[in-house]
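The values are calculated or read from the model by the stated rules, or taken from the named source; none is laboratory data. Bear in mind the structure is a predicted one, so any value in this text is a computation, not a measurement. Because the Cβ atoms are built from the backbone with ideal geometry, glycine has one as well, and the counts that use them run over all protein chains shown. Quick note on the areas: whole protein, heavy atoms, side chains included, nothing else; ligands and nucleic acids left out. Shrake-Rupley method; radii C 1.70, N 1.55, O 1.52, S 1.80 Å.
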Amino acid sequence: MKWTLIVAMTMFATILSGCEPLLVLDPKGPQAARQASDILMSIGIMSGIVIVVFTMLVYMLVKYRASKQKADYEPPHIEGNIWVEVIMVGIPVLIVAFLSFVSVQSNYIVEAKPKGYEDKEPLVVYASSSNWKWHFSYPEEGIETVNYLYIPTDRALEFKLYSYGPITSFWIPQLGGQKYAMADMVTTLHLAADVPGEFMGRNANFSGKGFAENTFNVTAMSQEDFDDWVKEVKETAKPITEKKFKDLLEPGHLGQQTYTGTHLEFSPPPTGHDHSEESSETTESNTDSHSQHENMNH
């Protein structure tokens, strides 16, 4: 058993040494950094709990292990201990309350514009999915790509997400968390890339047999390089037409493609209100109503 355990642990350590770091723990943007920090904090808290529990378990097993007693021995009757009950109930309540507070705070942070980019004009990209492709429309630049995304660094990114098929989930692990893209509404996702590099993006929600290959490449570059790329696309790429876009929506897989113009001109996003904007408008409406109510009272 001793040698079997040693061999198993050696093999386990060897396998783990060849693993690459998890993408969610290798953030390249402020939103992802916040989420990675929360994940590591949660892992630390859970590890501490596991260590304490197993330490107490070993202590109890050793200290109160079976011993020789008389055949008629009966353990003393114990009513309970108020301090043990307070600790056993109070500590889990405190842990849950703390994690809940951090989760709510982080949710507000990642749903807003990235920290440090509040005063910068964001790059707006309409990211739509179809079976099983991703379409990226740059309305300000007047270009469109399929299955790949070019973004500038040190600039806020505002993705408008929707779907031409089943519900999908837009996810670039090293830049931030995932968010759903649906057919009847637009959702907004705020991201930013702090450093140049190539990242993996994918659909994180099962959407049929082509789900596994429903991925896209993300390349972050300086603003100057991004502007040069946009200029090159306008000079070399063919315009996207309504017929071509309908062909792209047919189920199947494609490689990377580039077009001038966007499909937003003849196939606009859902007419429903933007989810995040609607929440903002509701808040403003409630604030205005409250102000009017106070003025009437005065």
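Odds and ends about this structure:
- With the gyration tensor restricted to C-alpha atoms of segment 124-214, the semi-axes of the equivalent ellipsoid amount to 20, 14, 12 Å, longest first.
- Efficiency of FRET from Cβ geometry, TYR108 and SER47, R₀ 41 Å, rounded to 0.05: 0.95
- Model label sites at MET56 and PHE206, defined 7 Å from Cα along the beta-carbon direction, differ in position by 3.8 nm.
- HIS253 exposes around 90 Å² of accessible area when a 1.4 Å probe is run over every protein chain in place.
- Quotient of Cα Rg and 2.2 N^0.38 Å for segment 60-173, N being how many residues it contains: 2.17
- Mean separation of Cα contacts under 8 Å (6+ apart) over length of the chain, as relative contact order %: 19
- Along the chain, longest interval not containing exposed trypsin sites (Lys or Arg not before Pro), exposed being DSSP loop plus at most 12 other Cβ atoms within 10 Å: 71-208
- Fraction in percent of alpha-carbon pairs per bin - 5 Å, segment 200-271: 3, 12, 16, 19, 24, 17, 8, 1
- Taking THR258, THR236 and ordering them by how much accessible surface each has at a 1.4 Å probe, largest first, produces THR236, THR258.
- Karplus-derived 3J(HN,Hα), 6.51/-1.76/1.60, for each residue of segment 247-261, Hz, glycine and proline x: 5, 5, 6, 5, x, x, 10, 9, x, 7, 9, 9, 9, 8, x
- Under 5 Å, built H, 5+ apart or other chain: amide partners of GLY210: none
- DSSP beta bridges confined to the chain are antiparallel in about 65 percent of cases.
- Average accessible area per residue (Å²) across segment 66-186 - probe 1.4 Å, nucleic acids and ligands excluded: 56
- When the GluC sites (Glu not before Pro) in segment 121-160 are filtered for DSSP coil states and for at most 14 other beta-carbon atoms within 10 Å of their beta-carbon, the remaining sites are GLU140.
- Whole-angstrom gap from segment 192-232 to segment 121-170, using each part's C-alpha centre: 9
- Within the chain, the longest segment free of exposed loop sites, counting chymotrypsin sites (Phe, Trp or Tyr not before Pro) that fall outside DSSP classes H, G, I, E and B and have at most 10 other Cβ atoms within 10 Å, spans 74-298.
- 5 angstrom amide H check on LEU123, placed H, neighbours 5+ away: ALA156, LEU157, GLU158
- Carbon-plus-sulfur accessible fraction, the chain (probe radius 1.4 Å, protein heavy atoms only): 61%.
- A straight chain from HIS253 to SER37 at 0.36 nm per residue would run longer than the Cα-Cα distance by 74.2 nm.
- Backbone HN-Hα couplings from phi across segment 218-235 [Karplus 6.51/-1.76/1.60, Hz, Gly and Pro as x]: 10, 10, 9, 8, 5, 4, 5, 5, 5, 4, 5, 5, 4, 4, 5, 4, 5, 8
- A rounded overall shape is assigned to segment 154-274, the ratio a/c of its alpha-carbon gyration tensor axes (a ≥ b ≥ c) being less than 1.5.
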